[in-house]
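The values are calculated or read from the model by the stated rules, or taken from the named source; none is laboratory data. Nothing here was measured: the structure is a model prediction, and the numbers come from that model. Using ideal geometry, Cβ is built from the backbone for each residue, glycine included, and neighbour counts are taken over all protein chains shown.
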Amino acid sequence: MPAPRFDHLHTYDELTAALDTLATAHPELMTLEPVGMSHEGRTIWLATVTNPATGSHDEKPAVFVEANIHATEITASTAALHLLHHLTTAYGTDPAVTRALDTRTFYVIPRVNPDGVELALADDPIHLRSSTRIYPRPDQQPGLVERDADGDGRVLWMRIKDPDGAWIVHPDEPRLMIPCPFDDVGDGPYYRLVPEGVVHEFDADRVPIARRHQGLDLNRNFPQEWLPEGSQRGAGEYPTSEPEVRAVVEAVSARPNIGVYFAHHTFAGVILRPYGGHADDHFPTTDLVMYKTMGRRATEITGYETASVFHEFKYDPKSSITGCGDEWAYDYLGIFGWTTEFWSPLRAAGIEHKYIEWYDDHPVADDLALLAWNDDVLDGEGFVDWYEFDHPQLGPVELGGWDTFRTWTNPPAALMEAEIAPHSTWAVAQALALPELAMHDLRCTRLGDDAYLIRAVVKNVGWLPTNVTKKALERKAVRPVEVTIECGDGVELVGGRATIELTQLPGRARARTMMAVHDGVVDPSTERAFAEWVVRGPNGATVSVVARHSRAGVARAKVELA
């Protein structure tokens with residue numbers, strides 16, 4: 001079977017075919033099912049990957065991945081496809097993948113927003129934030145609408161000579177446009193720098209940037225602290241108003257075994273964690289410790305730093321982002337949520353920067369370094385030299401600049417696979433951190449005649465606690481471990497309830513949260529709990545015990561009355 005391409009931005013048909021090929025080649029590990037339909041009627045696919053020979057997918061702790069909710073961030077889909085390929089082809093040879101699929105499940109939606117991607121990859125591309133549905137108003141507002149003006153299949157930039165423009169050409173690098181300095185002496189020439197596009201309702205005196213009438217942002221439509229349009233742009237009429245987001249929310253809610261939620265985006269070269277609207281002291285203390293501990297491991301594997309959205313990734317220091325998928329997963333369900341922003345051209349060019357702030361203010365030397373990187377590493381393919389174009393409305397302009405879609409929003413094709421591959425390893429590592437129920441001991445003690453005491457000791461052999469987060473307990477989103485005795489023929493339960501509710505069991509992460517040694521005990525066996533029953537039955541009969549936890553899986557054992 002040929003491997004899927006990981007140097008490519010897949011159309012909907014290409015992605016669907018690649019998923020079908022993987023599922024057909026590995027039916028023993030991967031299944032594919034629809035979980036919803038997009039606004040335009042395209043199927044939203046969910047892949048389930050596990051080893052069913054070791055247990056049903058819904059009886060194992062699980063990782064969930066949703067990718068490509070934003071239309072132009074198509075590398076996210078390629079990364080999800082890479083994860084599926086990695087899981088299905090490395091099983092049996094890679095010990096980490098093998099253990100993960102024997103004991104865990106992966107649920108992956110490789111493309112949440114197929115409609116927007118089809119526009120981005122069209123011959124006449126249109127770059128939207130998210131959905132193609134008309135919102136928030138039915139008419140296109142006046143002004144410049146970003147799109148391919150000269151029909152070459154690219155959306156570049158336009159520089160327009162204008163004595164009132166705020167940009168000038170760099171004195172030593174004619175390709176580079178720089179902001180006019182505040183102590184400029186008025187030599188010019190001056191330019192306006194705007195996206196390539198056409199003007200709706202042209203006005204020769206004033207050309208604003210038009211807000212599209214397709215203005216949804218699907219990653220503001222989740223229920224977590226959702227805000228209406230007047231307070232947060234693109235959030236929709238109400239939480240989960242959009243079918244794509246509703247499909248994700250329903251898919252996660254229907255799978256209570258999920259303990260980790262990944263949202264795949266581009267671009268910044270960082271792994272983000274909640275919150276967007278709250279400082280870190282809003283977390284339960286242990287959850288923040290776990291986020292930071294797992295984040296350090298993510299950095300070791302991927303090279304990406306982990307960062308708080310609130311403290312390190314705000315578009316405006318006085319504004320907050322809400323209604324996002326990973327925050328809904330954490331704040332409502334109490335499962336760890338991460339957003340991966342794949343790719344950073346700045347880091348690729350060797351530029352030290354702090355994510356958002358760089359775009360507000362940075363030295364011209366950084367722009368020169370980026371151009372040098374383009375020339376040396378990309379063979380000049382990322383930046384288009386300025387060329388004249390007779391715009392049908394604006395007259396003589398020049399088109400050129402960065403091919404943003406294929407160089408900034410997404411990594412150049414030759415660099416894509418190396419960028420995304422480590423994140424498949426990180427997803428497996430995160431899966432192995434999940435809680436895992438096991439039967440520590442199941443024994444039978446004869447009490448006399450045909451009466452027996454059955455004692456079951458269950459344990460959590462995973463790293464995280466069975467509840468996964470403290471937030472889950474605050475939200476009452478998860479039940480404790482339950483242990484059920486199942487009596488065989490001729491066996492009667494005479495003491496105890498058939499199902500006994502125990503408690504939440506910590507995992508090996510308890511070593512990270514032990515703040516002090518108390519009475520000389522550094523690692524008490526709190527990861528274990530027991531249940532007991534009295535049964536009557538003939539010698540040689542058997543009873544079964546099943547331990548269950550929605551997020552830690554199922555453990556089964558049998559014991560003979562003897």
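From the residues in the range 6-53 that are in a loop (DSSP other than H, G, I, E, B) and free of Cβ contacts under 8 Å to residues at least 12 places away in the same chain, which one is nearest to the chain's Cα centre (by Cα)? It would help to see each step written out before you state the result.
First pass over the range 6-53, keeping only residues in a loop (DSSP other than H, G, I, E, B): 6-11, 26-29, 38-42, 50-51.
Still in the list and also free of Cβ contacts under 8 Å to residues at least 12 places away in the same chain: 27, 41.
Details: P27: 25, G41: 23 Å.
Per the criteria, the residue is G41.
Can we say L29 is over 24 Å from I335 (Cα atoms), of a type in the set (A, V, I, L, M, F, W, C) and crowded, with 19+ Cβ neighbours inside 10 Å? Criteria met by L29. Of the strands (runs of 3 or more DSSP E) lying entirely inside the range 316-425, the ones with 1 or more residues being in contact with an Asp or Glu (Cβ under 6 Å, 6 or more places away or on another chain) and within 30 Å of E244 (Cβ to Cβ) are found at 336-342.
A single entry from L156, L128, L101 fulfils the requirement of being in contact with a strand residue (DSSP E or B) (Cβ under 9 Å, 6 or more places away or on another chain), surrounded by 15 or more Cβ atoms within 10 Å (Cβ to Cβ) and either of a type in the set (F, W, Y) or assigned by TED's automatic domain parsing to the domain that holds D367 (or both): L156.
The residue of the range 161-184 that is surrounded by the most Cβ atoms within 10 Å (Cβ to Cβ), among those that are touching a residue at least 24 places away in the same chain (Cβ under 8 Å), within 39 Å of the chain's Cα centre (by Cα) and not in a loop (DSSP other than H, G, I, E, B), is M177.
Sort through S56, S38 and tell me the only one that's surrounded by 23 or more Cβ atoms within 10 Å (Cβ to Cβ) and modelled with pLDDT of 95 or more.
Details: S56 fails: surrounded by 23 or more Cβ atoms within 10 Å (Cβ to Cβ).
The match here is S38.
On the basis of being of a type in the set (G, A, S) and outside the structural domain of H200 (by TED's automatic domain parsing), does A414 make the cut? Let's see the steps before the verdict.
Details: of a type in the set (G, A, S): yes; outside the structural domain of H200 (by TED's automatic domain parsing): yes.
Here the answer is yes, as A414 does meet what is asked.
Sub-6 Å Cβ pairs linking a first residue in the range 364-376 that is without any contact (Cβ under 8 Å) to a residue 40 or more places away in the chain to a second residue that is of a type in the set (A, V, I, L, M, F, W, C), at least 6 apart or interchain, are D366/I351; A369/A349; A369/I351; L370/A349; W373/A349; N374/F383, ordered by first then second residue.
Within the bounds of the range 54-77, is there any residue that is outside any helix (DSSP H, G or I), free of Cβ contacts under 8 Å to residues at least 60 places away in the same chain, touching a strand residue (DSSP E or B) at 6+ places or on another chain (Cβ under 9 Å) and more than 16 Å from A429 (Cβ to Cβ)? Yes; the residues of the range 54-77 include at least one that is outside any helix (DSSP H, G or I), free of Cβ contacts under 8 Å to residues at least 60 places away in the same chain, touching a strand residue (DSSP E or B) at 6+ places or on another chain (Cβ under 9 Å) and more than 16 Å from A429 (Cβ to Cβ). For the range 524-556, the set of residues classified as outside any loop (DSSP other than H, G, I, E, B) and in contact with a Pro (Cβ under 6 Å, 6 or more places away or on another chain) consists of G553 only. For the range 335-350, the condition holds for no residue, the condition being that it is modelled with pLDDT of 95 or more, among the basic types (K, R) and in contact with a helix residue (DSSP H, G or I) (Cβ under 7 Å, 6 or more places away or on another chain). In the range 199-313, counting only strands (runs of 3 or more DSSP E) that sit wholly within it, the ones holding 2 or more residues that are crowded, with 21+ Cβ neighbours inside 10 Å and touching a residue at least 24 places away in the same chain (Cβ under 8 Å) span 258-266, 270-273.
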